[in-house]
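Structure, as C-alpha cells:
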Amino acid sequence: MRQYPNGIAKRRKLGGARRCRARIQEPRAGKCDNPVSSIACETGCCIATLKKCHGAVVTVTPMKDNNIYSMTGYASVTRDIAHADGAAGASVSVELRTVNSRFLDLAFRMPEEARACEPSLRESLTAKLSRGKVDIRINVQRPESGTNGALNLDAVKQLADLEQQVLVHFPDAERMRTGEILRWPGVLGEESVTAEALRDAVIDAGRAAIGDLVDVRRREGAQLKASLIERIEKMETILTGLQPLVPDLIARHQQKIVDRLQEALGVVVPEGSAAPSKEEVAERIRQEVTMYGVRIDVAEELTRLDAHLKETRHILDKGGLVGKRLDFMMQELNREANTLGSKAASKELADASMELKLYIEQMREQVQNLE
C-alpha cells in the first residue's frame, strides 16, 4: 500500500486492475467499500468520507436546483466575539462580491490570523457556486485600547529595542509617546479571543454571507429570466407576423422578375441572331424565377428561428446551469437572423431581421450574467 502526500492510499496493481465491489455487486445508491471525500472513483460509485481510493479520482459537480442564478451579487455579514466576562472582544466581517467569469475564480483577502478558515470557506463556496469571479474579504477588528488589561512587559521591551534600532539610523526621529505605546498591538495584555472562537466566528459569518449571496443571485437570476422570456415573446410575435407574409412577398418579387425578363428578352436581341420563340422565352423566365425564388425563400430560416426560440424557452424553464447553453443558443439565433437579412427581398423582411438582431443582442448581454 503506497501513501501519497494528499492522504489517499493507492493499491498496487497485482494481476490486473481491482474492480469496485459496488460495481460487481448490486449498486447501493452511490455507496462503495472504498469511500472518498467529495470525489468519485473512476467507476462512478464512490462518494463518502475520506479513507482510501482504488482508482483515479474526478471532482464531483455540485447538484443544482431548477432556479436560474446570476453571476453578480453582493453580501456582507458581521459577527461579534465577546470575552467570557461579556466585554467586547473582536468583530469579524465577511464581505462577498461576485462578477462575471467563465469559470469559478475565488480570491481571498484576509488577515493571517483568519487564514486557517480559508479551506472551509472555499469548500462552502464551491458547493454553492459554479461560475463567477468571487472576491472574499475578511476583516477582524479589535478594540483600540483596553484599560482593564495588564501591561505586557515583553512586548514593551521588544518595542523599546525596535525604537532604539530605528534611532541609530535616524537620530532626529521623534520618540514614541505614551499613548502610542499603549495602543501598540500586544502592549496591553488584555484577554484576547481564542483562535477557536475567531475561527468559529469567521466560518459562521462566511456561511451566512454565502447564503445571502446565493439568495441575491437567485433573485437577480429570476429577474433576468423574466426579461429574457419577454424578449422571446416579442421575437415570436415577429415570426408569427412574418409567416403569412412570406408567400405573398415571394410571389410579388417573382412577378417583378417575370416582368423585367419579358421586357429584356422580348426587346434586346443580339445582332445576327434570330429572335427567341415564345416557348424559349417562357422556359428561360421559368428557370430564372425558380432560381430566384429559391434564393429568397426564408421559410427555412423562420422555422429554425422558431425552433431555437422554443429551445431557449425550454432551457430557461428547466433552470440550473444555463449560462453556457444560452450563450450557444444566442449564437445560433444570430446566425439565422443574419441569413434572414441577407435573403430579405422586401422592406418587411429587412426590418424584421434588424429587429430580431436587436433583441438577440440584448439577450446576449443578459445571458453573460447567468451562471
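The values are calculated or read from the model by the stated rules, or taken from the named source; none is laboratory data. From a predicted model like this one, the values you see are computed outputs, not experimental measurements. All Cβ positions, glycine included, derive from the backbone under ideal geometry; neighbour counts span all protein chains shown. Areas reflect the complete protein model, heavy atoms only, side chains present, ligands, DNA and RNA absent. Shrake-Rupley method; radii C 1.70, N 1.55, O 1.52, S 1.80 Å.
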Go through the stretch 150-175 and count every residue that is in contact with an Asp or Glu (Cβ under 8 Å, 6 or more places away or on another chain) and at pLDDT 85 or above. 1
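Residues checked against (1) in contact (Cβ under 8 Å) with a residue 60 or more places away in the chain; (2) in a helix (DSSP H, G or I); (3) closer than 18 Å to LYS310 by Cα:
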{"position": "MET330", "(1), (2), (3)": "no, yes, yes"}
{"position": "ALA352", "(1), (2), (3)": "yes, yes, no"}
{"position": "GLU361", "(1), (2), (3)": "no, yes, yes"}
{"position": "GLU365", "(1), (2), (3)": "no, yes, no"}
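Looking only at residues in the stretch 152-168 that are part of a helix (DSSP H, G or I) and touching a residue at least 24 places away in the same chain (Cβ under 8 Å), which one is most open to solvent (accessible area, probe 1.4 Å)?
Taking the stretch 152-168 and keeping what is part of a helix (DSSP H, G or I), we get 153-168.
Keeping just the survivors that are touching a residue at least 24 places away in the same chain (Cβ under 8 Å) gives 155-156, 159.
Working: ALA155: 19, VAL156: 44, LEU159: 13 Å².
Ranking the qualifying residues of the stretch 152-168, first place goes to VAL156.
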Per-region count, the stretch 204-233, residues touching a helix residue (DSSP H, G or I) at 6+ places or on another chain (Cβ under 6 Å) and open to solvent by 40 Å² or more (accessible area, probe 1.4 Å): 3
Give the stretch 108-125 a look and list any residue that's among the charged types (D, E, K, R), open to solvent by 40 Å² or more (accessible area, probe 1.4 Å) and assigned to a helix (DSSP H, G or I), or say none. GLU112, GLU113, ARG115, ARG122, GLU123
Please enumerate the residues belonging to the stretch 322-345 that are open to solvent by 70 Å² or more (accessible area, probe 1.4 Å) and either over 29 Å from ILE68 (Cβ atoms) or within 20 Å of the chain's Cα centre (by Cα) (or both). LYS324, ARG325, PHE328, GLN331, SER342
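Only one of these is in the same structural domain as ILE229 (by the TED database), of a type in the set (A, V, I, L, M, F, W, C) and in contact with a strand residue (DSSP E or B) (Cβ under 7 Å, 6 or more places away or on another chain): LEU340, LEU326, LEU358, LEU333. Name it. Please lay out each step first, then the result.
On the way: LEU340 fails: in contact with a strand residue (DSSP E or B) (Cβ under 7 Å, 6 or more places away or on another chain); LEU358 fails: in contact with a strand residue (DSSP E or B) (Cβ under 7 Å, 6 or more places away or on another chain); LEU333 fails: in contact with a strand residue (DSSP E or B) (Cβ under 7 Å, 6 or more places away or on another chain).
Only one candidate qualifies: LEU326.
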All but one of (1) outside any helix (DSSP H, G or I); (2) open to solvent by less than 80 Å² (accessible area, probe 1.4 Å); (3) modelled with pLDDT under 95 hold for THR147; state the number of the condition that does not hold. (2)
Scan of the stretch 111-134 for residues that are touching a Lys or Arg at 6+ places or on another chain (Cβ under 8 Å) and free of Cβ contacts under 8 Å to residues at least 40 places away in the same chain, ordered by number: VAL134
Residue list for the stretch 346-356, filter: in contact with a helix residue (DSSP H, G or I) (Cβ under 8 Å, 6 or more places away or on another chain) and either among the acidic types (Asp, Glu) or surrounded by fewer than 21 Cβ atoms within 10 Å (Cβ to Cβ) (or both): SER346, GLU348, ALA350, MET354, GLU355
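Would you call THR98 under 22 Å from ASP200 (Cα atoms), at pLDDT 90 or above and either polar (S, T, N, Q) or buried (at least 19 other Cβ atoms within 10 Å of the Cβ) (or both)? Walk me through how you get there before you give the answer.
Numbers: under 22 Å from ASP200 (Cα atoms): no; at pLDDT 90 or above: yes; either polar (S, T, N, Q) or buried (at least 19 other Cβ atoms within 10 Å of the Cβ) (or both): yes.
Answer is no for this residue.
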